[in-house]
Amino acid sequence: MSADDIAPNRFVNATSLINRIASGNADAWYGLIVFSGLPVIRIPWTEDEKGFATVVQKMRLGDFPPTDYFLWTALGDALLLSIHQFNSLPVSSSRAIVVISDGDSNKWYDPYKVLWLLQEQQIPVYFIALGNDGYEVGKDATGLPVVTSFDTKLMQQFADTTNGGIYRNP
């Protein structure tokens with residue numbers, strides 16, 4: 001998310017998008033899971049829209065120390081954690097997952113294995129592809145370039161199957 005192919009960088013754009021998505025939905029529950037190699041609950045479920053926005057505005061890229069896997073994207077794991085978190089919400093709550101990602105899924109649990117759970121629980125998934133496809137974001141442990149690639153086939157299948165959507169930013 002530190003790549004600067006969209007000004008000022010992907011992280012700033014992502015936090016701005018999160019707050020725009022959350023604003024004006026006073027009856028909604030908000031939660032935030034951040035992930036690269038490993039998903040982490042950054043903000044547990046809350047109905048406090050202003051508190052949620054404040055935490056998002058105060059986030060900094062350095063809050064998420066790089067791991068050995070920070071150049072990877074564990075989408076399947078993040079989706080599983082999201083589904084698990086929904087279990088703590090009131091049954092009557094409507095649910096949706098918004099994935100803001102600058103890459104494809106290339107680590108850990110296969111997201112296609114999660115698709116049936118999302119469909120069964122009627123949870124739409126909306127993808128926002130952030131940044132430019134084919135942009136070099138760093139080097140791996142062997143010094144080879146790591147280049148972003150958007151798995152549009154995966155995004156489209158999830159959007160179609162869950163009645164979600166796909167958006168590009170910028």
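Things worth noting here:
- For the pair T54 and Q119 in one chain, pulling the backbone fully straight at 0.36 nm per residue adds 20.2 nm over the alpha carbon distance.
- Nearest-0.05 FRET efficiency for D140 and D4, computed from C-beta distance (R0 22 Å): 0.65
- Amide hydrogen neighbours beyond the local backbone of F127, cut-off 5 Å, H modeled: V99, G165, I166, Y167
- In a fully extended conformation the segment linking V40 and D133 would gain 31.0 nm over its present Cα-Cα distance, using 0.36 nm per residue.
- Extension gain from N19 to R95, taking 0.36 nm per residue of separation minus the Cα-Cα distance: 25.6 nm
- Cross-link reach list, lysines versus K113, counting only Cα pairs under 16 Å and skipping chain neighbours closer than eight places: K153
Readers should treat all values here as calculations from the given coordinates under stated rules, not as data from a laboratory. These numbers come from a predicted model, not from an experiment. Heads up, the Cβs are rebuilt from the backbone with ideal geometry, glycines too, and the neighbour counts pull from every protein chain shown.
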